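**Q** Please find one structure pasted underneath; my questions will follow.
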Amino acid sequence: MIRKIEHTAIIVKDIEKSIRFYTEILGLKLRLRGSGPDREMAFLYLDLQPDVEIELIQDFEPIVKYQPFGIMNHLAFSVNHLNETIGYYMEKGIKFLSDEPKPTLDGGRMILFHGPDDELLQFVERS
């Protein structure tokens with residue numbers, strides 16, 4: 001039976017650039033990096049949640065044809081103070097997709113932005 005969410009994989013064009021973004025900008029830690037004949041991979045995590053990871057994959061020769069827009073819509077990160085978070089990451093060069101946070105269904109707030117390979121990312125502040 002399913003015990004937990006293990007990881008989410010993101011296909012990237014430049015693994016060095018993506019690792020820098022997720023570690024230096026967003027603050028994740030690199031746990032493992034390696035390559036096989038077809039691809040290079042890196043696994044990253046947050047200190048507060050080390051058992052859920054993001055896997056970055058740079059294919060040398062794709063094993064499947066990836067769609068430019070897949071079924072997965074976005075990857076969300078929970079934050080405590082959204083306005084402070086927005087200011088902090090704006091100073092690091094992140095451009096948000098709206099000028100103001102939008103409300104969530106449960107009374108919180110969220111804001112969207114793109115990662116280095118145009119992946120859709122979100123910060124969420126719960127009410």
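The values are calculated or read from the model by the stated rules, or taken from the named source; none is laboratory data. Just so it is clear, the structure is predicted and the values come from calculations on it, not from any experiment. When we count neighbours, we look across all protein chains shown, and the Cβ atoms used for this are built from the backbone with ideal geometry, even at glycine. Accessible surface areas use protein heavy atoms only, side chains included; no ligands, DNA or RNA. Shrake-Rupley method; radii C 1.70, N 1.55, O 1.52, S 1.80 Å.
**Q** Treating the beta-carbon of each Lys and Arg as +1 and of each Asp and Glu as -1, no other charges, what is the dipole magnitude of the chain about its Cα centre, to the nearest 20 debye?
**A** 160 debye
**Q** Next up: Compute the accessible area per residue over the chain, keeping the other protein chains in place, probe 1.4 Å, unit Å².
**A** Result: 69 Å² of accessible area for each residue.
**Q** Quick one: Karplus J couplings for the range 43-54, per residue in order, coefficients 6.51, -1.76, 1.60, θ = phi - 60°, nearest Hz, x for Gly and Pro?
**A** After applying 6.51 cos²θ - 1.76 cosθ + 1.60, I find 10, 10, 8, 9, 3, 6, 8, x, 8, 10, 10, 10 Hz.
**Q** Here's something else I'd like to know. Quick one: what are the phi-derived ³J(HN,Hα) couplings along the range 31-37, Karplus 6.51/-1.76/1.60 with θ = phi - 60°, whole Hz, x for glycine and proline?
**A** Values per residue, Gly and Pro as x: 8, 8, 9, x, 9, x, x Hz.
**Q** Given the whole protein assembly as supplied and a 1.4 Å probe, what does the accessible area of MET90 come to in Å², nearest 10?
**A** Accessible surface of MET90 is approximately 110 Å².
**Q** While we're looking at this one, here's another question. For the chain, give the share of DSSP beta bridges that are antiparallel, in percent and rounded to the nearest 5; count only bridges with both residues there.
**A** Expressed as a percentage, antiparallel bridges in the chain total about 70.
**Q** Let me ask something else. Pairing the Cα long axis of helix 82-91 with the longest principal axis of the chain, what angle in degrees results, from 0 to 90 and rounded to the nearest 10?
**A** 60 degrees
**Q** Just in the range 31-127: which chymotrypsin sites (Phe, Trp or Tyr not before Pro) are loop by DSSP and have at most 15 other Cβ atoms within 10 Å?
**A** PHE60, TYR66, PHE69
**Q** I would also like to ask the following. Ignoring ligands and nucleic acids, what accessible area does GLU24 show with a 1.4 Å probe (Å², nearest 10)?
**A** 120 Å²
**Q** On to the next question. Work out the charge dipole of the chain with +1 on the Cβ of Lys and Arg and -1 on the Cβ of Asp and Glu about the Cα centre, then indicate which of LEU112, PHE77, GLY87 is farthest towards its positive end.
**A** Of the listed residues, the answer is PHE77.
**Q** On to the next question. Tell me the Kirkwood radius of the chain: reciprocal of the mean inverse pair distance over distinct alpha-carbon atoms, in Å.
**A** Every distinct Cα pair counted, the radius reaches 15.8 Å.
**Q** Another question about this same structure. Ignoring ligands and nucleic acids, what accessible area does HIS74 show with a 1.4 Å probe (Å², nearest 10)?
**A** That residue has around 70 Å² of solvent-accessible surface.
**Q** In whole percent, and with a 1.4 Å probe on the protein chains, what portion of the accessible area of the chain is carbon and sulfur?
**A** After summing per-atom areas, the C and S share lands at 55 percent.
**Q** GLU53's amide H: which non-local residues (gap 5+, or another chain) put their own amide H closer than 5 Å, with H modeled 1.01 Å from N in plane and none for Pro or chain starts?
**A** Close amide H contacts, sequence-distant or interchain: HIS7, THR8.
**Q** Just to check, using Stokes-Einstein with a Kirkwood Rh over alpha carbon pairs, what's the diffusion coefficient of the range 72-127 at 20 °C and 1.002 mPa s in µm²/s?
**A** Translational diffusion coefficient: 188 µm²/s.
**Q** With a 1.4 Å probe and all protein chains kept in place, how do ARG33, ARG20 rank by accessible area, largest first?
**A** So the residues, ranked largest to smallest area, are ARG20, ARG33.
**Q** Got a sec to turn the phi values of the range 101-110 into Karplus ³J(HN,Hα) couplings, 6.51 cos²θ - 1.76 cosθ + 1.60 with θ = phi - 60°, whole Hz, x for Gly and Pro?
**A** Result, ordered by residue: x, 9, x, 9, 4, 8, x, x, 9, 8 Hz.
**Q** Of the cross-linked pairs LYS29/LYS95; LYS17/LYS95; LYS17/LYS102; LYS4/LYS95, which ones have a Cα-Cα span greater than 27 Å in the structure shown?
**A** From LYS29/LYS95; LYS17/LYS95; LYS17/LYS102; LYS4/LYS95, over 27 Å: LYS17/LYS102; LYS4/LYS95.
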